[in-house]
Amino acid sequence: MADKDLSGRRVLVIVTNYGAEQDELLVPVRHLREGGAEVDIAAASDEPVKTLVGDKDPGETVEPTLTLPNADPGAYDLLLIPGGTLNADTLRRNESAIDAVRSFTTSHRPVAAICHGPWALVEAGVVGGKTLTSYPSLQTDIRNAGGSWVDKSVVSDDAEEWVLVTSRNPGDLDDFLKEVDEALTGPGTRPGS
């Protein structure tokens, strides 16, 4: 259960239909919903989202609530980007996903990304001036895109007038979710749209 009341908050989760890391998708979605937030999972298509565990073993299958092209990023308070190597690599090539990232960052709304999820941020060109963490293999990409990479369980950075919460892997989910809750309820956030 979320430590904070998230009622009235809306969260958009963006994924592809195959390869999202199971716990990086499902643990945050369940946590946020239990806290009272409305959470939509926007996938590349309306087909079921097939998650993986450790990038190789089949995980749970999840029904998306909408598709990426039909999502209205302006209607949400926070953008959540789960990892999973295959998911993140495909997501960063999805125009609707990158447009969603830019919509949140240009309107100064928080973004949370875990593991390989920051690849979408790199692709969107929004990590310049930010300090973040990720799965270690992304550190060169992040640095080349103008960000500063650190090896911590969670980083919350409010530079460039928007909050970015990042973590490295599913083992960091407890720390990640505390900062996501804070990003949703902290000063300057808007309750619902």
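Observations, loosely collected:
- The trypsin sites (Lys or Arg not before Pro) of segment 1-92 meeting both criteria, a DSSP state outside H, G, I, E and B (loop) and at most 14 other C-beta atoms within 10 angstrom of the site's C-beta, are 56.
- Largest to smallest principal axis extent of the C-alpha atoms in segment 10-184, angstrom: 37, 33, 30
- Note on segment 58-140: Cα-only Rg and Dmax are 12.6, 37 Å.
- Beta bridges per DSSP with both ends in segment 10-184, % antiparallel, nearest 5: 25
- Note: relative contact order over the chain, using C-alpha pairs below 8 Å and six or more positions apart, is 22 percent.
- Note that segment 1-59 shows a convex hull volume over its alpha carbon atoms of 72 Å³ per residue.
- Bins of 10 Å, starting at 0 and running to the largest distance - Cα pair percent for segment 128-178: 29, 55, 16
- For the chain: lysine pairs under 24 Å (alpha-carbon distance), excluding those fewer than 8 apart on one chain: 5
- Across segment 1-105 the C-alpha pair distances fall into 10 Å bins from zero in the proportions 17, 49, 31, 3 percent.
A short reminder: the numbers here are calculations on the coordinates, not readings from a lab. Nothing here was measured: the structure is a model prediction, and the numbers come from that model. Ideal geometry is used to build each Cβ from the backbone, glycine not excepted, and the neighbour counts take in all protein chains shown.
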